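S.K.: Sharing a structure with you now.
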Amino acid sequence: MRLSIFALLSLSLGLVAAKKSPQEELTELAAAGNGVIKVTNERTFDLLTLPSRNWSAAIQFTALNPQRKCKPCSEFDPSFTAVAKAWTTVSEPERSDHFWATLDFDEAQQVFQKLSLASAPVVHFYMPLAGPRGRAKDTPLKYDFSHGFEAGPLAEQLSSHTPVPIPYKAPIDWASWAVYAAFGLFFLVTLPLVAPFLQNRWVWAAGSIVTSLIMTSGYMFTRIRGMPMTSGGQWIAAGYQSQYGQETQVVAAIYGLLGGSFLMLTMVTPTQTSPARQRTQVYVWTAIIFVVYSILIALFKMKNRGYPFSLLF
Amino acid sequence: MAPTKSASSSKAAPSSSAIHSLWQAYNDETPDRLKFVDAFLVFIMLSGALQFLYCILVTNFPFNAFLAGFSSTIGQFVLTASLRSQVNSENKDEFKEVSPERAFADFALGSIVLHFFVFNFLG
Amino acid sequence: MPVAYPLPKDLSPATVANTASLLRIVALALISGAAIASRLFAVVNFESIIHEFDPWFNYRATKVLAEKGFYEFWNWFDPTAWYPLGRVVGGTIYPGLMATSGVIYSFLHAINLPVDIRNICVMLAPGFSALTAWATYMFTKELKDESAGLLAAAFMGIVPGYISRSVAGSYDNEAIAIFLLMFTFYAWIKALKQGSAFFGTVAAVFYFYMVAAWGGYAFITNMIPLHSLVLILMGRYTNRLYVAYSSWYAIGTLSSMQVPFVGFQPVSTSEHMGALGVFGLLQIIAFSQLIHSHLPSKQFKTVVLGSVISIGLLGTAAIVTLTVRGSIAPWTGRFYSMWDTGYAKKYIPIIASVSEHQPTAWPSFFMDLQFLIFLFPAGVVYCFKQLRDEHLFVIIYAVVASYFAGVMVRLMLTLTPIVCVTAAVALSELLDTYIDPQEPDASAEVADVAAPSDNASAATPSKKVKKAAAAASAAPSNPISDLVNANAPAKTKKASKSRGIFGLDTRIAVIFNTTMMLLFFVAHCTWVTSSAYSSPSVVLASTNPDGSQHIIDDFREAYYWLRQNTAEDAVVMSWWDYGYQIAGMADRPTLVDNNTWNNTHIATVGKAMSSSEEVAYPILRKHDVDYILIIFGGLIGYSGDDINKFLWMVRIAQGVWPDEIQEPNYFTPQGDYRIDDQASQAMKDSLMYKMSYYRFSDLFGGQQATDRVRNQAVPKVGPTLDYIEEAYTSENWIVRIYAVKKEDPLGRDLKSANAFAEGKKRKRTKPMTRRRAII
């Protein structure tokens, strides 16, 4: 009788000693994964989102298998890992009050199904339900990717929910600094060689003309909106307020050709000494102006359907 | 009194003899009219410097009053300096449409407009 | 000397000159007439009404000025805007526009012409556009000659890029600002050319007027110093530059601080530091030149040069240190977002959401400028050929303006004047070459050349070919001087040019082509103005099935309902777009308006619109809101409605309350923005959704209700409202007004009160207490 009681006591003591709290288990998993818990089964996910949790969890749902062809996932993953790594520098006990986890589609498909997620990457932020930071509702906050896949905005946005702000510092871009320094040095060294070139007005003229042609062809639009060169086989974007990269080049070339024809008529043809040659030149350039202008009008009509005028085409 | 002399002597004692020769050259070469204008310019500069020192050392309240006073010195200074360059006979071929009389009329008009704004801003 | 076509022989130079100036005056008058007439489409098609949104505030301010006088206007505090904060109008506006209208109003009334203030405000922009055409003429005259000036004036008068912001009824700052811009630049160029302090003062006075009129004055504040800096770097420093710049800067900066809204910014913000820096640099250079003139020794020169450079660097370092320390404010978000184009979307979503701040695609350039856009580079090349100081200014302006116009649609307006000027120069150059009747000699060896210049000097006999070519290329003959020269028999015209156009047919071909292009331009401008830029946007027009015009006047209908059926101090909540119109037409206090100066207040409205009724109701009551006004275009297909703007409301609210409002909650789990059955719960509960679709499906009488803008099917069972009730819906359901219910007198929450009124029993949450007899 005494032996069995002793056995029972020791068993229960051992069990109590051996049983880890969920938080400790998660802390160990996080430490093992260099700040990121790799969720490979539903159990770990349930552990992270325990209804009695007093910790928060940011979980990345991604699909990194190249077969899945999820380009944003592979773009975003390094940012998530970097922010989680920055979190490992936070001191205890705040560090264990928040966990970072990543869940790959191929490893825990049923979790995707459970949350009826149809796209990736998705970041869910589960707030604690108990303790000082506890919330009442269990719905996770969803991270908004409107600021891109960079680590900086991610750290900034999530810092308002983590126990302490995430000490993420964007790594110094040594590469681009080195490029700038190299450029500057190169410029200084070749300055004596380049100087007469820079003092020639026609070099500046060429630069200014090219700049203004590019700008008036809508280049900044394609750059700010990140428009592709072509899309779906079309190089002309439908709609008046939109354009593709290819259009910029075509329109800039048309403007350059038309402006150049006018310059030819004004500056070059009057210097021709032979009347016959001059006459052909005048007619050729005038014809070019007329034809290319008609092309431009036709192109504009394609963009602005209501335009009532047309020349040749 | 050749500038070359000052150049060779400037190697020995650069600042003092250079300034001395500058002062000599200025004194000899400048007509009296321009010296009169230059005296006025120095006065304006001192007045502006005094106001600026007051602003830094004592107080800059009210700021608009300081700005009005200081701008009036600056404005008057540049207008007078412009007048000086326009009536300087050395610059005659630069200012083809502006005769010295016209320069003075411009100066007067500019000063009136400037001080109108100064007076409004003094508060 | 051969001529392609004969010129009249018996004209004296005086006659030619007089006729030429008469023709110029007539041409300018006709251009002014065309400019004014082409801006009157809206007045003719609809009526004389103020357009858009911002002009309604300007109109309201001008009415205060006209009725109560300048002192009241200058010290006006408006408690009905931004309720309950109020707005200090006198100190937060650019008063130039209102002051101009006020002066015109007083003048007309003084000479007994009682013109209504509304008509003055409506017609101010066309009137000033005629003046802008004239200012452009003067500016271009300085670059080339009067014929180029006339072309530039003609272009400026009818070009759509400028018309879009200056039609009759568009009573906004740009109406007078572009005239002031061109005239200030003209005065600056004149000051630089002559080295005159008079024109410098004129430039400063008009710069002051510009600062009082438009926030875009910072463009002038940086263009003129940039031009001066480039001149200095090119080694073109002259005393004229010193005189012009110093007089402009000293008087201009002092005068710009007179405007309360600008205040001390010219000495404490980064946008103005460039001008200060160049001013200091010019003083240093002038002083060093003065010393150099007295001591031409080379050694001393290098010492002086060294000290100039070091003082310059010291000054720059001082400015940078002050900026880093914070004494000098850094570039404001509005201007900074033009360099870092992603900045506004991340940090200032209000700026990013305005449609005028979007980048420009090439069809917009072509629509606004047509063939001027490809003549523009040709004109810039001409400027490089001449490269006097004023041409350098045009080049800098052209390159800078084309960048800014590419970044923001709204800034197309600053590109338009310089495109008109350069295109006019290029076209005038072409016409000069091909109208000139003198033909060159067919044989190349002829060395004699005439160099007819404007002062019609005598033709010089035999010169070397090189000199001849240089002279001919430097001054392509001015047709008028040709005319004069042709009739000076005393001057021997044995010499002929080696440069020119043979034959009459070539001339006719080119001139015919050019004339056709010009006519096409006029047709294009007229079409664009009448179809695209003459819409008052307060009144919409569509066509009936039988082709007749159908006017949609919902906005005014609803605003006047508000004006006539609500208490005078009833507070109206709406999205900030409509604030000025509500204040102007309905004359009621508003919570937020187009001034958008208080982001938190706007975010509060956004939060109220995007939250459920229970969450929004305390916000509404706290701000004393009596009526909520929304725009809904689902019935007739008006796509500028509030449901389309809803995501911006959410984003702005999220910026201030990220815990309570998250944008992804308003999308379906798949990430779509839907308003039908699949809409997310947050979307369906939001006040904006409920207000838009309340009773909408009832309209369709059992049929499938469709939202014509989103092209989705609206759920059959529409939303129910407990805390607000429908007050007014306009004829085409574009404007919907809801009244906010007061608290229940019995202290219940309104949802339960309504449920009780409908006869529903309240569910018992606690068991009934057992009653015990006391005894």
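The values are calculated or read from the model by the stated rules, or taken from the named source; none is laboratory data. Fair warning: this is a prediction, and the values are worked out from it, not measured in the lab. Note: ideal-geometry Cβ built from the backbone for every residue, glycine included; neighbour counts use all protein chains shown.
S.K.: Right, C:A603: assigned to a helix (DSSP H, G or I), in contact with a helix residue (DSSP H, G or I) (Cβ under 7 Å, 6 or more places away or on another chain) and farther than 22 Å from C:K742 by Cα or not? Show your work before the answer.
M.R.: Values: assigned to a helix (DSSP H, G or I): yes; in contact with a helix residue (DSSP H, G or I) (Cβ under 7 Å, 6 or more places away or on another chain): yes; farther than 22 Å from C:K742 by Cα: yes.
When the stated conditions are applied, C:A603 passes them.
S.K.: I've got another one for you. Would you check if there is a residue in the stretch A:274-290 being without any contact (Cβ under 8 Å) to a residue 40 or more places away in the chain, within 8 Å of chain C (Cβ to nearest Cβ), farther than 13 Å from C:I501 by Cβ and not hydroxyl-bearing (S, T, Y)?
M.R.: The answer is yes, given that some residue of the stretch A:274-290 is without any contact (Cβ under 8 Å) to a residue 40 or more places away in the chain, within 8 Å of chain C (Cβ to nearest Cβ), farther than 13 Å from C:I501 by Cβ and not hydroxyl-bearing (S, T, Y).
S.K.: So, in the stretch C:374-403, of the ones that are under 23 Å from C:P359 (Cβ atoms) and of a type in the set (G, A, S), which residue ends up farthest from the other protein chains (Cβ to nearest Cβ)?
M.R.: C:A401
S.K.: Collect the residues in the stretch C:638-660 that are within 11 Å of chain A (Cβ to nearest Cβ), touching a residue at least 24 places away in the same chain (Cβ under 8 Å) and crowded, with 21+ Cβ neighbours inside 10 Å, keeping them in residue-number order.
M.R.: Within the stretch C:638-660, C:V650, C:R651 qualify.
S.K.: Considering only the stretch B:75-102, state which residues are surrounded by 15 or more Cβ atoms within 10 Å (Cβ to Cβ), hydroxyl-bearing (S, T, Y) and either more than 8 Å from every other protein chain (Cβ to nearest Cβ) or outside any helix (DSSP H, G or I) (or both).
M.R.: B:T80, the sole residue that qualifies.
S.K.: Under 8 Å by Cβ, and 6 or more places apart or on different chains, what pairs join a residue from the stretch A:234-250 that is more than 10 Å from chain C (Cβ to nearest Cβ) with one that is in a helix (DSSP H, G or I) and surrounded by fewer than 16 Cβ atoms within 10 Å (Cβ to Cβ)?
M.R.: A:I236/A:M302
S.K.: Okay, moving on. Could you grab me the full set of residues in the stretch B:52-74 that are more than 11 Å from the chain's Cα centre (by Cα) and buried (at least 19 other Cβ atoms within 10 Å of the Cβ)? It would help to see each step written out before you state the result.
M.R.: From the stretch B:52-74, those more than 11 Å from the chain's Cα centre (by Cα) are B:52-72; that's our starting set.
B:L67, B:A68, B:G69, B:F70, B:S71, B:S72, listed by residue number.
S.K.: A follow-up question, please. Within the stretch C:662-695, which residues are in contact with a strand residue (DSSP E or B) (Cβ under 7 Å, 6 or more places away or on another chain), more than 10 Å from chain A (Cβ to nearest Cβ) and in a helix (DSSP H, G or I)?
M.R.: Matches in the stretch C:662-695: C:M688, C:M691, C:S692, C:Y693.
S.K.: Could you give me the residue pairs with C-beta distances under 8 Å whose first residue belongs to the stretch A:115-128 and is closer than 22 Å to A:T162 by Cβ and in the same structural domain as A:Q60 (by the TED database), whose second residue is among the charged types (D, E, K, R) and surrounded by 19 or more Cβ atoms within 10 Å (Cβ to Cβ) wherever it lies, and which are 6+ apart or on separate chains?
M.R.: Pairs found: A:P121/A:D77; A:Y126/A:R53; A:P128/A:R53; A:P128/A:D97.
S.K.: Right, another one. Checking the conditions here, which among A:A101, A:A130, A:A120 is small (G, A, S), touching a Lys or Arg at 6+ places or on another chain (Cβ under 9 Å) and in a strand (DSSP E or B)?
M.R.: A:A101
S.K.: Also, quick follow-up: Which of the residues belonging to the stretch C:207-233 are within 14 Å of chain B (Cβ to nearest Cβ) and either crowded, with 24+ Cβ neighbours inside 10 Å or in contact with a strand residue (DSSP E or B) (Cβ under 6 Å, 6 or more places away or on another chain) (or both)?
M.R.: Answer for the stretch C:207-233, where residues must be within 14 Å of chain B (Cβ to nearest Cβ) and either crowded, with 24+ Cβ neighbours inside 10 Å or in contact with a strand residue (DSSP E or B) (Cβ under 6 Å, 6 or more places away or on another chain) (or both): C:Y207, C:F208, C:V211, C:A212, C:S228.
S.K.: I need the helices (runs of 4 or more DSSP H) fully contained in the stretch C:115-175, keeping only those with at least 2 residues that are farther than 25 Å from C:E52 by Cβ and over 16 Å from the mean Cα position of the chain (by Cα).
M.R.: Working: elements: C:117-143, C:146-158, C:160-163.
The qualifying helices (runs of 4 or more DSSP H) are C:117-143, C:146-158.
S.K.: In the stretch C:67-104, what residues are of a type outside the set (F, W, Y), under 24 Å from C:V572 (Cα atoms) and assigned to a loop (DSSP other than H, G, I, E, B)?
M.R.: If the condition is that a residue be of a type outside the set (F, W, Y), under 24 Å from C:V572 (Cα atoms) and assigned to a loop (DSSP other than H, G, I, E, B), then C:P79, C:T80, C:A81, C:P84, C:L85, C:G86, C:I93 are the ones that fit.
S.K.: Across the stretch C:540-592, what is the total count of residues that are acidic (D, E) and within 23 Å of C:V605 (Cβ to Cβ)?
M.R.: Residues meeting the conditions: 5.
S.K.: Quick check on the stretch B:10-21. Is at least one of its residues modelled with pLDDT of 90 or more and touching a Lys or Arg at 6+ places or on another chain (Cβ under 9 Å)?
M.R.: The initial filter retains those residues of the stretch B:10-21 that are modelled with pLDDT of 90 or more, namely none.
No, because not a single residue in the stretch B:10-21 is modelled with pLDDT of 90 or more and touching a Lys or Arg at 6+ places or on another chain (Cβ under 9 Å).
S.K.: Determine, yes or no, whether A:W202 is away from every other protein chain (no Cβ under 11 Å), at pLDDT 80 or above and either surrounded by fewer than 17 Cβ atoms within 10 Å (Cβ to Cβ) or in a loop (DSSP other than H, G, I, E, B) (or both). Show your work before the answer.
M.R.: Numbers: away from every other protein chain (no Cβ under 11 Å): no; at pLDDT 80 or above: yes; either surrounded by fewer than 17 Cβ atoms within 10 Å (Cβ to Cβ) or in a loop (DSSP other than H, G, I, E, B) (or both): yes.
No.
S.K.: Then there is this: Looking at the stretch C:725-733, is at least one residue farther than 22 Å from C:N565 by Cα and not hydroxyl-bearing (S, T, Y)? Lay out the reasoning, then the answer.
M.R.: Just the residues of the stretch C:725-733 that are farther than 22 Å from C:N565 by Cα, to begin with: none.
So far as the stretch C:725-733 goes, no, none of its residues is farther than 22 Å from C:N565 by Cα and not hydroxyl-bearing (S, T, Y).
S.K.: Looking only at the stretch A:291-306, which residues are more than 8 Å from chain C (Cβ to nearest Cβ) and either of a type in the set (F, W, Y) or touching a residue at least 12 places away in the same chain (Cβ under 8 Å) (or both)? Let's see the steps before the verdict.
M.R.: Taking the stretch A:291-306 first, the residues more than 8 Å from chain C (Cβ to nearest Cβ) are A:291-292, A:294-295, A:297-299, A:301-302, A:305.
Hits for the stretch A:291-306 are A:V291, A:V292, A:S294, A:I295, A:I297, A:A298, A:L299, A:M302.
S.K.: Here are the criteria: (1) more than 32 Å from the chain's Cα centre (by Cα); (2) touching a residue at least 40 places away in the same chain (Cβ under 8 Å); (3) over 16 Å from C:M573 (Cα atoms); (4) in a helix (DSSP H, G or I). Tell me which single one C:L635 does not satisfy.
M.R.: (4)
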